1. Under unit Cβ charges (Lys, Arg +1; Asp, Glu -1), what dipole magnitude, rounded to 20 debye, does segment 194-286 have relative to its Cα centre?
2. Most exposed first by the Cβ proxy, i.e. fewest other Cβ within 10 Å, how do Val216, Val221 rank?
3. If you wrap a convex hull around the Cα atoms of segment 106-157, how much volume per residue is inside, in Å³?
4. Report the gain in length on full extension from Arg189 to Arg156: 0.36 nm times residue separation, minus Cα-Cα distance, nm rounded to one decimal.
5. At 0.36 nm per residue, minus the direct Cα-Cα distance, what do Ser234 and Ala211 gain on full extension? Give it in nm, one decimal, please.
6. Which value in nm describes the separation of the simple spin-label points at Ala144 and Lys119, placed 7 Å from the Cα toward the beta carbon?
Amino acid sequence: MPERFPASLQQKIEDRLRYYEDLGIRLFYTDRGPGSVNFGAAEEVVSTPLHTPVFEETALPKTTPKPAPAKIASGAAHPPLVVPPAVPSLFETTEKVNDDTLLKIREDLGECTRCKLHKGRNKIVFGDGNPRAELVFVGEGPGADEDAQGLPFVGRAGKLLTQMIEAMGLQRKDVYICNVVKCRPPENRAPEKDEVQTCSPFLLRQLDAIAPKVIVCLGSVAAQTLLETNRGISHFRGEWLEFRGRKLMATYHPAYLLRNPSAKGEVWKDLQKVMAVLGLQGKKGSPAGKPS
Ligand code: SF4
């Protein structure tokens, strides 16, 4: 980059562009030639947050409620998706998105140290399953077993998720499973806002690359991240919602079901709605198909 700014600003611009490049974004900045970009314009370009809409609320008063997630109109057999007004997004406006692959996203992630969760992890848990899956499950973050193996949902909660998937008439290899953050939070705490903000752009790229018919959010962290809301999951669990033109269902996390087995019935009802959309009949030999 030619030097047209004070050294400190030049360094900031270069650092930020390098960060975007790590994320696979390279087409949003155009050098129109000497003298065409003033300092103000340059600062505007490089200070654009990567995924602003999700975390815009940090600038709002604490009492300002976030809007409810967009619901899909009910009544019709195949109701049209309620697509919100276009939101400027670097991921949606570059040609790079269309060429993105899980392999490329994994390469861009590298041995990531972008947030403080890298300090305690053993293995990055990127995601696992069919890169062309019609159904993607999104959880919160890796636990101890996942951290040790580098695979999502392989502990007790993962076994329950596997039962749920099989009850739907699928195998794990048919779906894709990933998390909002890819490194284990210490003591299995919920990921913090800055960690979600730093890691979730990679999740968004994964979802765009896979382009599933249905996304199932397991638990409130996944749902609140993708739906850009701070409302509790109980307000919209089991309803069809919209995420970037795709159908999204939020349901309880399998770990919650381990502590509250009576909620399995509610989750099964949610999954049956997913099965209806995907044309799944459920596990053969088990009409109810309900995981025990
Ligand atoms: S959680 Fe995500 S952003 Fe943070 S270090 Fe791990 S991979 Fe990087």
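Please treat every number below as a calculation from the coordinates, not as lab data. Nothing here was measured: the structure is a model prediction, and the numbers come from that model. So basically every Cβ, Gly included, is an ideal-geometry build from the backbone, and we count neighbours across all protein chains shown.
1. Numbers: 13 positive and 8 negative charges, 101 e Å.
Here the size comes out at about 480 debye.
2. On the way: Val216 27, Val221 21.
Result, fewest neighbours first: Val221, Val216.
3. Working: hull volume 5.0 nm³, N = 52.
Spelled out: Cα convex hull of segment 106-157, divided by residues, is 97 Å³.
4. Working: separation 33, 0.36 × 33 = 11.88 nm, distance 1.69 nm.
My answer for the length gained is 10.2 nm.
5. Working it through step by step, the gained length comes to 5.6 nm.
6. My value for the distance between the label points is 2.1 nm.
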